1. Can you tell which of Gly77, Gly53, Gly87 is at positive phi and of a type outside the set (S, T, N, Q)?
2. Do you know which of the residues in the range 51-68 that are among the small types (Gly, Ala, Ser) and under 19 Å from the mean Cα position of the chain (by Cα) is nearest to the ligand (Cβ to nearest atom)?
3. Given the structure, is Leu106 surrounded by 14 or more Cβ atoms within 10 Å (Cβ to Cβ) and either of a type in the set (Ser, Thr, Tyr) or in contact with a strand residue (DSSP E or B) (Cβ under 6 Å, 6 or more places away or on another chain) (or both)?
4. Quick one: what pairs do we get from the range 49-74, first residue closer than 18 Å to Ala99 by Cβ and β-branched (Val, Ile, Thr), second part of a loop (DSSP other than H, G, I, E, B) and modelled with pLDDT of 90 or more, C-beta under 6 Å, 6+ apart or different chains?
5. Could you look through the range 91-113, keep only residues that are among the charged types (D, E, K, R) and farther than 15 Å from Gly55 by Cβ, and pick out the one that is farthest from the ligand (Cβ to nearest atom)?
Amino acid sequence: MNEILAATVVERESACLPSAAEMLPAIDRAINSLRRGGTVLREGEPWPCRECGIGEYRLLFSDETRSLALPKRSTTGQMPNVAALYGRENTTLTVKSYACAACGSLKTFWWPDEKRPDAWRPPRKKPEA
Ligand SMILES: [Zn+2]
């Protein structure tokens with residue numbers, strides 16, 4: 001919903017979408033997200049835990065991405081050293097992990113090449129002092 005408002009409620013006409021046709025994909029996306037019970041994910045902000053309903057998911061390991069190695073099952077008997085395993089492009093994912101301190105639920109998101117996935121919102125701008 002905020003995505004739609006940001007594209008339509010603007011100070012300058014030039015910042016607005018040129019026609020309703022350009023807004024349709026954003027509306028479809030918002031409707032699908034609402035139907036599926038999606039959560040707005042924003043960098044730097046916790047979100048409520050659906051497992052316990054008590055805690056919030058918060059980023060683990062400060063604000064850095066981590067590497068997760070997923071070697072092929074067929075190669076587990078011939079494991080290379082750790083540096084070689086994490087240096088291979090076809091076995092390593094760049095991820096951010098979040099945990100709920102109340103129930104221990106973990107969520108891990110793939111951030112290819114450390115880029116924010118499309119469904120994530122950028123961090124809010126901090127008010128200037
Ligand atoms: Zn929880």
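1. Gly53
2. Here the answer is Gly55.
3. no
4. Cβ pairs passing all conditions: Ile54/Ala102; Thr65/Trp111.
5. Residue satisfying both the conditions and the ranking: Asp113.
The values are calculated or read from the model by the stated rules, or taken from the named source; none is laboratory data. In this text, all values refer to a predicted model and were calculated from it rather than measured experimentally. As a convention, Cβ positions derive from the backbone with ideal geometry for all residues, glycine included, and neighbour counts pool all protein chains shown.
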